[in-house]
Amino acid sequence: MTPDSSVPSTSSSSLPTSLPVEQSKEENSSKEKISLGKEIVANLCLLMWAILLAVIGMQAVSGQASTIILESADKINGKGNAPTSGDTSSNTKGNAPTLGDTSSQKIAASQKIADPSVALSDYLQNKYLEKDKTLVPPIGIVLDQLQVNVNWRNPEAINEANGPKEKEPTADDYARLFAIVDNRLSAMANFSPEVLVSSNLRINNNILPSDFRSTEFKDKEIDLPLEAVLWVKATQTLSAERKAKLSFLDLFVLLIILGGFGSWIYLVRKHVDPNTPVSLKEYFYRPPLGMALAIAIFIVNITLHSFVSTSNVNEVRRETLILLAFTAGLLSDKTYNFIERVIHEEISKNEIVEVETKKKVITETKKEIVKE
């Protein structure tokens, strides 16, 4: 009886001990899978942040970030797909013509003998539709000075000067003429040194096409009219201001990227160290936190610059901003704690001042009451 009674006791004691061992193995395997999944997600986040920051940073360093931003803004505002004035004029009456009709109408109109003033107006309207009228080049005034033998405003005189076999200029001929003068003026504005009102700019009449020359044409260089000199000066000023704004925008983007890179380096350093645990959330919000701190430092620096100095914002020291933005991302925790501590100190100082002023008011009122 005793041997039989010992059998169930051993089997019953072995069952409870085997179950916890199997459960612990399952728990360990599930924990390993979870930790492996977190490791994969963390590595992917670091890789994606590195690629994104590197690509945008290269665009900012090369000066292309501002151009991309402005082009995107134009597309959002609908300027990128704005039709030309020639297209809008063809759709003003009746139903919208088909593609074949518009092309045939344009070809027919370009082959017609055009009125010079109308041709100039159409050219300027097509090319400078959305620009300020003061920035439109004075092509007609320059042509009046260049046409020393034949007046470009008189098609019959041009026909007679070129011989009886020639035809009067068409709309395409005038468009080509205006484009030549327009390109020469733009070249003067873009590649000449800084122009003053008293600058003596010269232009040669040999740039004119042969259709607009007489048989007695002479190569001659003339002084650029004052209106054209003023236009070149205004164009140079506007171009310099635009370059400064684009450079400032590229600097802003670069500072944001450097703030994100600083936080990314901080993440990598903690990720490699096995003794420092990193939550999965940090891989998502750390780089944006560094970017936000870089923006905050940028705004504070620009504000202080405007208080201290009377110079332009574009003249701020960029090296200091770059160093501060990268440091803000690299030491995001310390930067945040420092900002929080300063804010708390200022709030506590204000509260102490308010309490002291209230105490003074109360004591003064008590003294007045006692005197009465």
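The values are calculated or read from the model by the stated rules, or taken from the named source; none is laboratory data. From a predicted model like this one, the values you see are computed outputs, not experimental measurements. Here the Cβ is made from the backbone with ideal geometry for all residues, glycine too, and neighbour counts use every protein chain on show.
What the table below lists for this structure:
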item: Extreme residue, surrounded by the most Cβ atoms within 10 Å (Cβ to Cβ), among residues of segment 227-272 that are closer than 16 Å to residue 192 by Cβ and free of Cβ contacts under 8 Å to residues at least 40 places away in the same chain; result: 229
item: Criterion violated by residue 67 - all others in (1) assigned to a helix (DSSP H, G or I); (2) at pLDDT below 55; (3) of a type in the set (S, T, N, Q); (4) in contact with a helix residue (DSSP H, G or I) (Cβ under 8 Å, 6 or more places away or on another chain) satisfied; result: (2)
item: Failed criterion for residue 176 (all others in (1) within 17 Å of residue 122 (Cβ to Cβ); (2) in contact with a helix residue (DSSP H, G or I) (Cβ under 6 Å, 6 or more places away or on another chain); (3) among the basic types (Lys, Arg) hold); result: (2)
item: Spans of helices (runs of 4 or more DSSP H) in segment 123-210 with at least 3 residues within 40 Å of the chain's Cα centre (by Cα); result: 139-146, 171-191
item: Residue 137 at pLDDT below 90 and either crowded, with 16+ Cβ neighbours inside 10 Å or under 24 Å from residue 204 (Cα atoms) (or both); result: no
item: Residue in segment 105-117 that is modelled with pLDDT of 80 or more, in a helix (DSSP H, G or I) and assigned by TED's automatic domain parsing to the domain that holds residue 215 present; result: yes
item: Near pairs, Cβ below 9 angstrom, 6+ apart or cross-chain, from segment 156-167 (modelled with pLDDT of 80 or more) to any residue that is among the aliphatic types (A, V, I, L, M) and in a helix (DSSP H, G or I); result: none
item: Selected residue [at negative phi, touching a Lys or Arg at 6+ places or on another chain (Cβ under 9 Å), surrounded by fewer than 19 Cβ atoms within 10 Å (Cβ to Cβ) and without any contact (Cβ under 8 Å) to a residue 24 or more places away in the chain] from 183, 204; result: 204
item: Hits in segment 186-201 - residues which are among the small types (Gly, Ala, Ser) and out of contact with any Lys or Arg (no Cβ under 9 Å at 6 or more places or on another chain); result: 186, 187, 192, 198
item: Residue within segment 147-154 that is crowded, with 18+ Cβ neighbours inside 10 Å and closer than 24 Å to residue 231 by Cβ present; result: yes
item: Of residues in segment 273-302 being touching a residue at least 60 places away in the same chain (Cβ under 8 Å) and surrounded by 20 or more Cβ atoms within 10 Å (Cβ to Cβ), the one nearest to residue 323 (Cα to Cα); result: 287
